[in-house]
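The block underneath contains the structure these notes are about, expressed in structure tokens.
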Amino acid sequence: MSMRTLPLLFLNLGGEMLYILDQRLRAQNIPVDKARKDEWTEVDRKRVLNDIISTMFSRKFMEELFKPQELYSKKALRTVYDRLAHASIMRLNQASMDKLYDLMTMAFKYQVLLCPRPKDVLLVTFNHLDAIKGFIQDSPTILHQVDETFRQLTETYGGLSAGEFQLIRQTLLIFFQDLHIRVSIFLKERVQSSNGRFVLPVSGPVPWGTEVPGVIRMFNKKGEEIRKIEFKHGGNYVAALREGSFELHGDRVLKLGTNMYSVNRPVETHMSGASKNLASRTQESIAPNPLAKEELNFLARLMGGMEIKKPSGPEPGFRLNLFTTDEEEEQAALTRPEELSYEVINIQATQDQRRNEELARIMGEFEITEQPRSSASKGDDLLAMMDGL
Amino acid sequence: KGIITCISCFQIHFLFSGSTPPINTFPHGPTISGALVLAAGTWSGQVLVFDIPAKGPNIVLSEELAGHQTPVTDIATESAQGQDCVVDMVTADDSGLLCVWRSGPEFTLLTCIPGFGVPCPSVQLWQGIIAAGYGNGQIRLYEATTGTLHVQINAHARAICALDLAPEMGKLLSAAEDTFVHIWKLSRSPESGYIEVEHCHGECVFDTQVCGARFCDPSGNSFAVTGYDLAEILRFSSV
């Protein structure tokens with residue numbers, strides 16, 4: 001599998017997250033002069049987006065992200081977004097965070113699946129970055145950070161071959177395999193069918209570099225065309241118009257990765273309860289994860305790179321609800337199928353003396369050899385902490 | 001360099017201690033001596049050839065074929081005995097390059113067919129005809145001994161994932177990420193001897209990005225398909 005997939009995965013999922021948060025914050029927008037203390041205003045919205053974007057694109061974090069590494073599980077990655085979403089004054093309940101992550105992953109899965117060429121996933125990423133720049137137009141420092149990431153993307157991916165992009169595409173598709181959460185905006189626009197599968201159209205422009213199917217050409221040994229036959233291929237394709245731009249600024253042509261949420265459209269997710277696809281997902285959560293330790297190390301590194309600005313003073317955390325009412329949010333938390341729950345890994349890097357004693361006790365309980373472990377690695381600490389949750 | 005862990009009935013499992021994991025293997029038809037030869041493609045582009053003796057468990061690495069610079073994606077073989085053609089093996093890689101080999105005491109590289117910027121995920125060999133499926137949806141048919149391009153089919157709108165042959169009838173199956181499976185009939189013109197092809201059938205596997213496809217019988221009357229996110233294997237038969 002490709003070791004260069006994480007930056008693309010992270011940036012695109014992050015982009016989707018920002019689209020959704022922006023839409024929800026706008027929907028709950030109250031004019032400043034009319035707002036109560038606990039209601040969202042335009043100023044708050046901009047601040048939340050600014051905080052999250054500047055955390056996402058911080059130099060240290062990007063450095064960690066772009067290191068060649070494997071993709072970790074959806075659960076591990078969700079922890080990073082959990083932290084990111086809370087990089088501002090905004091607070092999300094578990095149910096809302098779950099819904100947010102569902103929407104993000106299904107959206108990017110759709111975009112990867114429908115990319116005409118494997119290389120087009122880079123155009124999708126650029127679409128997200130272009131939109132992110134739109135959110136932070138007034139902040140030149142953050143804009144510079146995003147442009148810097150753009151440059152890094154071009155440097156990392158600009159020279160890759162079609163074969164290497166195909167491998168990246170396959171790595172991403174494996175990550176999203178068997179996810180069939182039905183998203184109301186997709187169902188309405190008929191890009192997803194009622195069983196949760198995405199609609200794959202057999203019409204429209206072919207990818208750049210592909211010819212319209214339906215022609216057989218035969219040549220003699222000198223290379224001259226001697227015959228041309230047409231055959232019925234079953235689709236309704238037309239030639240590609242033009243190639244999207246991979247420059248810092250330009251027309252990407254591709255619409256995948258642009259913001260599909262508008263102000264007044266509530267976006268719902270439906271958990272597919274009776275789907276037989278759930279069987280494979282249950283297996284995934286029960287089997288012990290042999291990569292548990294590596295995952296925790298990965299998380300520790302990435303989160304270590306995140307510079308979270310702690311709010312100074314007694315500022316209240318503003319809670320954002322991804323559902324239309326608080327009751328709906330509560331209901332969603334109660335009825336979420338077991339197999340679809342993301343167990344949040346709580347990692348706290350405290351130096352608390354009492355906590356260390358507690359950890360030692362927990363570790364003692366998991367001792368399997370007779371010899372006492374003299375010095376446990378940090379990874380073991382975290383693992384033990386997880387098991388104790 | 002390579003350690004064979006176990007063999008049972010033509011299924012061979014490998015454990016490589018080096019940094020180049022195998023991409024695929026292909027059991028080769030018997031050579032004149034009666035033993036088997038196995039060719040395995042690697043990530044580095046090398047093709048490793050192993051001798052499998054008629055008796056006993058000792059498999060020996062006999063050759064390391066150089067020809068590819070990018071990961072080997074597929075290998076096709078055909079016994080060349082009793083035919084005019086001397087080609088036994090074709091290997092394909094991620095850059096679209098095809099290498100054409102003749103077996104013997106050692107493998108000889110007969111010719112190379114250059115790529116054109118897209119990977120060649122699948123290749124087949126039938127009666128001196130090389131059929132190659134490419135990442136841009138094209139199928140190209142080449143004369144194996146010379147490497148000359150004789151047919152170019154704009155077959156699919158997305159990358160081809162699999163080609164399969166029904167050798168009895170000369171039927172070729174192509175499956176791609178565009179949800180389509182097409183069946184073709186390969187032949188040679190009686191006058192010129194040139195490769196010809198005819199489209200027989202097209203099947204749309206709705207909303208499924210096909211990942212693999214194979215004929216279920218040697219005359220090509222039925223085929224099976226696997227797809228991304230699909231828990232089932234779909235089987236199609238002609239009535």
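For the stretch A:1-147, the fraction of C-alpha pairs more than 21 angstrom apart is 45%.
Starting from the alpha-carbon convex hull of the stretch B:143-239, give the projected area averaged over all orientations, in nm². Before the final figure, lay out each step's value.
Numbers: hull surface 27.8 nm².
Answer in nm², one decimal: 6.9.
The distance separating the Cα centre of the stretch A:136-182 from that of the stretch B:186-239 comes to 35 Å. Neighbouring Cβ atoms from other chains, within 10 Å of the Cβ of residues in B:153-166, number 5 on average.
Ranking A:Thr156, A:Thr325, A:Thr55 by Cβ neighbours within 10 Å, fewest first, what do you get? Spell out each step's value before the answer.
Working: A:Thr156 15, A:Thr325 9, A:Thr55 22.
Going from least to most buried by this count: A:Thr325, A:Thr156, A:Thr55.
Taking every pair of distinct Cα atoms and averaging 1/r, then inverting, what Kirkwood hydrodynamic radius in Å comes out for the stretch A:62-120? Roughly 13.5 Å, rounded to one decimal.
Going through the stretch B:147-239, which GluC sites (Glu not before Pro) have at most 14 other Cβ atoms within 10 Å and a DSSP loop state? Working shown, then result.
Working: sites: B:Glu168, B:Glu177, B:Glu191, B:Glu196, B:Glu198, B:Glu203, B:Glu232; in loops: B:Glu168, B:Glu177, B:Glu191, B:Glu232.
Passing sites in the stretch B:147-239 are B:Glu168, B:Glu191, B:Glu232.
Annotation for A:Glu294 and A:Val215: the two label points, set 7 Å from Cα along the Cα-Cβ direction, are 4.6 nm apart.
So which GluC sites (Glu not before Pro) in the stretch A:37-119 pass both tests, a DSSP loop state and at most 14 other Cβ atoms within 10 Å of the Cβ? Present the calculation step by step, with values, prior to reporting the outcome.
Numbers: sites: A:Glu39, A:Glu42, A:Glu63, A:Glu64, A:Glu70; in loops: A:Glu39, A:Glu70.
Of the GluC sites (Glu not before Pro), the ones in loops of the stretch A:37-119 whose Cβ has at most 14 other Cβ atoms within 10 Å are A:Glu39, A:Glu70.
The simple spin-label model puts a point 7 Å past each Cα toward its Cβ; for B:Glu168 and A:Arg151 those points are separated by 6.5 nm. Note on the stretch A:92-242: Rg/Rh from C-alpha atoms, Kirkwood Rh, equals 1.07. The charge dipole of the stretch A:1-124, taken about its Cα centre with unit charges on the Cβ atoms of Lys, Arg (+1), Asp and Glu (-1) only, comes to about 120 debye. Amide H to amide H, with H built 1.01 Å from N, A:Arg319 comes under 5 Å of A:Arg91, counting only residues 5 or more places away or on other chains. Treating each Cα of the stretch B:40-149 as an identical point scatterer and summing with the Debye formula, the log10 of I(q)/I(0) at q = 0.16 Å⁻¹ comes to -0.68. Applying both filters, DSSP loop and at most 13 other Cβ atoms within 10 Å, to the trypsin sites (Lys or Arg not before Pro) of the stretch A:167-242 gives A:Arg190, A:Lys221, A:Lys222, A:Lys232, A:Arg242.
Rounded to 0.05, the FRET efficiency of the A:Lys133 and A:Glu330 pair, given R0 = 56 Å and the Cβ-Cβ distance, is 0.90. Could you please tell me the mean projected area of the C-alpha convex hull for the stretch B:90-212, averaged over all directions and given in square nanometres to one decimal? Across all orientations, the stretch B:90-212 yields a mean hull projection of 7.9 nm².
All of the numbers you see were taken from the coordinates with simple rules; none came from a lab. Model, not experiment: these values are computed from the prediction. Positions of Cβ are backbone-derived with ideal geometry, glycine not excepted, and every protein chain shown enters the neighbour counts.
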